[in-house]
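The values are calculated or read from the model by the stated rules, or taken from the named source; none is laboratory data. The model shown is predicted, which means the values in this text are computed figures rather than measured ones. Cβ atoms come from the backbone with ideal geometry, glycine included; neighbour counts cover every protein chain shown. These area figures cover heavy atoms from the full protein model, side chains too; ligands, DNA and RNA do not enter into them. Shrake-Rupley method; radii C 1.70, N 1.55, O 1.52, S 1.80 Å.
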Amino acid sequence: PTRQGVVLAVVLVLMLIGSLNYGSNLGYMITFLLGGVWVTAILHTWRNLLGLRIQPLKPRPVFAGEDAQFPCRIENPGGLGRFGVRLADADDKRFDRADIPPQGAQNILIPIPAQQRGWLQLDMVSIHGLYPLGLFHAWSYARVEMKCLVYPQPAQAGEPPATDCYSPNESGQQGIG
């Protein structure tokens, strides 16, 4: 559960204790109604991610110091829309939120800082969801094999280096060298 889910659970326990203490039928009804919503939210949060497919796409090369953009396509083969779906990298940094229509797809970019030249590897991503009420957090891991080529950072533009056109020759006289 999220923080809100834990708070609702504590409130439901307090409401149940109050209903037991005072014998309030209306208190019982509201407590069990909200408790049923709380339990049902577990199923709906899990179902929001059920059956989604993550397809890695080819990333473009970048220069060192830039963010490498790893594109992933999330496909929804089912007949229900999926809402509030997020991808995260191995460091659990969450990225763009996507709403995926029934039997549709959505592209999400995962930016990773490219500090050194060479190959930048993205091995694992996770998919997250809080839909419908934000009371529970569902997630799943997916292994994707994606590499992005990181080129060396280009030199800064500036004045060309000054060179001497004339250099002394063996006899000590100036000549073109």
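Some observations on this one:
- Residue among Phe95, Phe83, Phe32 with the largest mean-square fluctuation in a Gaussian network model of the chain, springs linking Cα atoms under 10 Å: Phe32
- Relative to the dominant Cα principal axis of the chain, helix 25-49 is inclined by about 30°.
- Between helix 3-22 and the chain there is an angle of about 10 degrees, using the helix long axis and the longest principal axis of the Cα atoms.
- Apportionment of accessible area to carbon and sulfur, the chain, percent (1.4 Å): 58
- Each helix, a run of at least 4 DSSP H residues, gives -39500 (n - 2.57); summed and divided by the residues of the chain, these come to -9000 deg cm²/dmol at 222 nm.
- Net length available on complete extension from Gln121 to Leu149 is 9.2 nm, with 0.36 nm assigned per residue and the Cα-Cα distance removed.
- Dipole axis of the chain (+1 Lys, Arg; -1 Asp, Glu on Cβ), positive-most option in Asn21, Leu43, Pro71: Asn21
- Computed from point charges on the beta carbon alone (+1 for Lys and Arg, -1 for Asp and Glu), the dipole magnitude for the chain about its Cα centre is near 980 Debye.
- Residue-normalised accessible area of the chain, given per residue in Å² at a 1.4 Å probe: 68
- Computed over the stretch 33-108, the percent of Cα pairs more than 21 Å apart is 40.
- Highest-MSF residue in the chain out of Ile112, Ile127, Ile74 [GNM, Cα springs under 10 Å]: Ile112
- Length released on extending from Gln156 to Leu33, taking residue separation times 0.36 nm less the Cα-Cα span: 37.7 nm
- Residue with peak Gaussian network fluctuation, the chain [Cα springs, cutoff 10 Å], from Pro101, Pro154, Pro132: Pro154
- All-pairs Cα distance distribution in the chain, expressed in whole percent, bin size 5 Å: 1, 7, 12, 12, 10, 9, 8, 7, 6, 5, 4, 3, 3, 3, 2, 2, 2, 1, 1, 1, 1, 0, 0, 0
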